[in-house]
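The values are calculated or read from the model by the stated rules, or taken from the named source; none is laboratory data. Computed from a predicted model, the values in this text were never measured in an experiment. Glycine gets a Cβ as well: all are built from the backbone with ideal geometry, and neighbour counts include every protein chain shown.
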Amino acid sequence: MTLYVPELAHPLVMGIVNVTPDSFFDGGRYLDHDAAIARGRQMIAEGADIVDVGGESTRPGAAPVAAGEELGRVIPVIEALAGDVRVSIDTTKAEVARRAVEAGAFMVNDVSATLDHVAAEMGVAFVAMHRKGTPADMQTDPRYDDVVAEVARYLAACAARATEAGVAEVWVDPGIGFGKTGRHNLELLARLGELVALGYPVLVGTSRKSFLGRIAAGTLESEGPPAPVSERYEGSLASATVAMVNGAAAVRVHDVAATVQAAKLVGSMRSAVPA
Ligand code: HH2
């Protein structure tokens with residue numbers, strides 16, 4: 001099921017369903033399969049183009065999950081939803097990616113950017129995301145000379161490797177919050193056009209992330225605490241809109257209904273400009 005066409009009417013909205021006890025925003029809410037499936041169905045009703053199902057949190061310091069446990073979390077949810085919406089699997093494990101595609105997933109969303117060969121073998125789309133470090137250490141003083149240039153170089157190399165491996169549909173993602181300070185995240189959003197210029201559809205995930213809490217609390221430049229996840233809705237919507245205006249082909253969000261409205265606005269705006 002190929003998804004991306006350059007002349008999309010509007011940027012795509014990818015809804016997040018984390019079937020985990022510990023995801024930073026929705027952890028524990030959808031660990032029960034029925035709850036996860038109901039959440040996915042709600043997102044479909046709200047207009048999600050893709051539902052991204054994950055069974056392992058990537059939050060800083062999250063505990064690793066064994067493949068068997070991860071499979072048990074995600075496969076029933078993918079099987080229930082894949083007939084009604086495009087489902088992507090958010091995993092870094094080859095076995096989970098394979099079984100998820102067999103269960104109906106059409107895209108491998110891989111924050112480690114290592115599963116291109118699996119996506120090629122299974123004939124599905126692949127998202128290569130940039131991250132620096134591992135969940136355990138990625139937020140310990142990340143440094144770049146030029147964050148956008150470094151991320152662009154890395155994603156270009158990943159995308160070239162994936163294409164060479166035989167992946168027909170390659171997406172790239174700057175990995176907001178993965179080994180980046182708030183300033184790095186903001187620079188990536190502001191200069192997103194440089195990633196769009198690589199020629200691959202760009203996915204961006206800012207939803208409820210801590211730099212938004214820092215902006216809300218006025219602690220972007222200090223050691224003070226960010227506003228809690230419950231107070232990051234407006235920043236999530238605003239930053240997703242910025243990403244779409246700056247050329248993102250899709251945004252990965254927890255709040256689907258409002259983001260779909262924003263995506264329609266951006267799509268209408270694009271089509272209002274004479275060719
Ligand atoms: N962010 C998270 C997880 N997967 N995948 C892509 N492609 N891009 C992202 O920015 C991205 C991602 C982290 O968010 P979330 O899934 O809400 O939290 P957790 O990792 O704690 O489950």
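Restricting to the stretch 14-62, name every residue that is within 15 Å of residue 259 (Cβ to Cβ), assigned to a loop (DSSP other than H, G, I, E, B) and more than 10 Å from the ligand (Cβ to nearest atom).
Hits for the stretch 14-62 are 46, 47, 48, 49.
Would the stretch 124-140 turn up any residue that is within 16 Å of the ligand (Cβ to nearest atom), part of a strand (DSSP E or B) and within 14 Å of residue 54 (Cβ to Cβ)? Explain how you work it out, then say what you get.
Here is the first cut: in the stretch 124-140, the ones within 16 Å of the ligand (Cβ to nearest atom) are 124-139.
Now narrow it down to the ones that are part of a strand (DSSP E or B): 125-129.
So of that shortlist, the ones also within 14 Å of residue 54 (Cβ to Cβ) come out as 127, 129.
Yes, because at least one residue in the stretch 124-140 is within 16 Å of the ligand (Cβ to nearest atom), part of a strand (DSSP E or B) and within 14 Å of residue 54 (Cβ to Cβ).
Can you pull out the residues in the stretch 62-81 that are surrounded by fewer than 21 Cβ atoms within 10 Å (Cβ to Cβ) and under 18 Å from the mean Cα position of the chain (by Cα)?
62
For a quick check of your reading of the model, give me the residue pairs whose first member lies in the stretch 195-218 and is without any contact (Cβ under 8 Å) to a residue 24 or more places away in the chain, whose second is crowded, with 22+ Cβ neighbours inside 10 Å, with beta-carbon atoms closer than 6 Å and at least 6 apart or on different chains.
The qualifying pairs are 213/232.
Filter the stretch 63-99 down to the residues that are within 16 Å of the ligand (Cβ to nearest atom), charged (D, E, K, R) and part of a helix (DSSP H, G or I), then identify the one that is nearest to residue 127 (Cα to Cα).
Just the residues of the stretch 63-99 that are within 16 Å of the ligand (Cβ to nearest atom), to begin with: 63-65, 69-70, 73-74, 77-78, 86-93, 96-97.
Now drop any that are not charged (D, E, K, R), which leaves 69-70, 73, 86, 90, 93.
Then drop every residue that is not part of a helix (DSSP H, G or I), which leaves 69-70, 73.
Values: 69: 23, 70: 19, 73: 21 Å.
Result: 70.
May I ask you to say which residue of 228, 174 is surrounded by fewer than 22 Cβ atoms within 10 Å (Cβ to Cβ) and within 15 Å of the ligand (Cβ to nearest atom)?
228
When you go through (1) modelled with pLDDT of 95 or more; (2) within 22 Å of residue 210 (Cβ to Cβ) one by one for residue 63, which number turns out not to apply?
(1)
From the set of residues in the stretch 100-112 that are within 20 Å of residue 58 (Cα to Cα) and without any contact (Cβ under 8 Å) to a residue 40 or more places away in the chain, which is nearest to the ligand (Cβ to nearest atom)?
In this case the residue turns out to be 110.
Show me the helices (runs of 4 or more DSSP H) found entirely inside the stretch 160-275 where at least 3 residues are within 21 Å of residue 131 (Cβ to Cβ) and under 17 Å from the mean Cα position of the chain (by Cα). I'd like the intermediate steps shown before the answer.
Working: elements: 182-190, 192-196, 210-217, 233-245, 256-272.
In the stretch 160-275, 182-190, 192-196, 210-217, 233-245 are the helices (runs of 4 or more DSSP H) which contain 3 or more residues that are within 21 Å of residue 131 (Cβ to Cβ) and under 17 Å from the mean Cα position of the chain (by Cα).
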